[in-house]
1. Would you mind counting up the charge near residue 57? Only other residues with Cβ under 15 Å from its Cβ, with Lys and Arg at +1 and Asp and Glu at -1.
2. In the stretch 107-209, carbon and sulfur make up what percent of the accessible area (probe 1.4 Å)?
3. What number comes out for accessible area per residue over the stretch 67-209 if the probe is 1.4 Å? Units Å², please.
Amino acid sequence: MLKKILIASLGLISINAYATANNGAYVGVSAGLSNQSMNFANAPFNLNTNGSNLDNNQWGGLVRLFGGYNFSSYTGVEMGASINTGTTYTYPNNAGTMNMNTTTWDLSYIPMLPIKNSDFTVFGRVGVAYDWISNSGYSGGSQSGLEPSGSNLVDMLGAGVRYKFNNHFTMKVEWIAEGLLFPVPINSGGTNVASWDQQTFQTGVSYHF
C-alpha cells in the first residue's frame, strides 16, 4: 500500500513539474512580416476626398527581441524591442515618396490557456508600445518640403499559439497589432500629414530558465 502511495505521489509531482516547467523567466527572438498603414491627411496634399483620408499600406520585415516572466500556466508579462526594415510610402497624387524606419519598445500582459493533453498553449496579448517613426529620405514630386516623423505611446493587442519542445525551449506563432485604436501621429513641422499603425505576423523561439 505504501509503495502504491509513493508511486502515485511521484507521478503527481512529475506531472505538476511538467505542467509548470515553463513558468518563470524567459528570453527569446522572433522575426516576421509587418503590414504598416500610413493614413494620409487631406489638407497637406490638396486632396478632394470628401473628408476621408487615404490609406497607403506597405509590407516590410521586422526582428523582435523579448523577455518575460510566466507567473503560472495562465498568466505572464513580456517586454520587447523590435526594429522594422525601411518602408517606402508614396504620397497622395504621386507627390513623391518617403522612406520610413520604425523602432518599438513594448510591454504586455499575457493571458494563456493550455490545451489539455497537448504541448500547445493559446495566448493573448494586451499592452502598450512606444513607436519611433523616422524619415530616412524623400525622393521626387512636389512635397520636397515635408520631413515627416512621429512617435507616440499606442495600444498593443495580439494573439497566438505556443508549442513546448521541452522544459527549456518553446516556439510561438503570433499576430501583434500596434496603434489600431490610437495610431501614431505623423507630423512635418507643425503640420499633421498622416497617422500610422501596423499589424505584424511573427514566429519566434524562447529559452526558459
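The values are calculated or read from the model by the stated rules, or taken from the named source; none is laboratory data. Because the structure is predicted, anything quoted here is derived from the model rather than measured. Heads up, the Cβs are rebuilt from the backbone with ideal geometry, glycines too, and the neighbour counts pull from every protein chain shown. Remember, those area values only see protein heavy atoms, side chains included, never the ligands or the DNA or RNA. Shrake-Rupley method; radii C 1.70, N 1.55, O 1.52, S 1.80 Å.
1. Values: positive: none; negative: 55, 178, 197.
Net of charged neighbours comes to -3.
2. Details: 3230 of 5130 Å².
With neighbouring chains kept in place, the figure for the stretch 107-209 is 63 percent.
3. Working: 6850 Å² over 143 residues.
Value returned for the stretch 67-209: 48 Å² of accessible area per residue.
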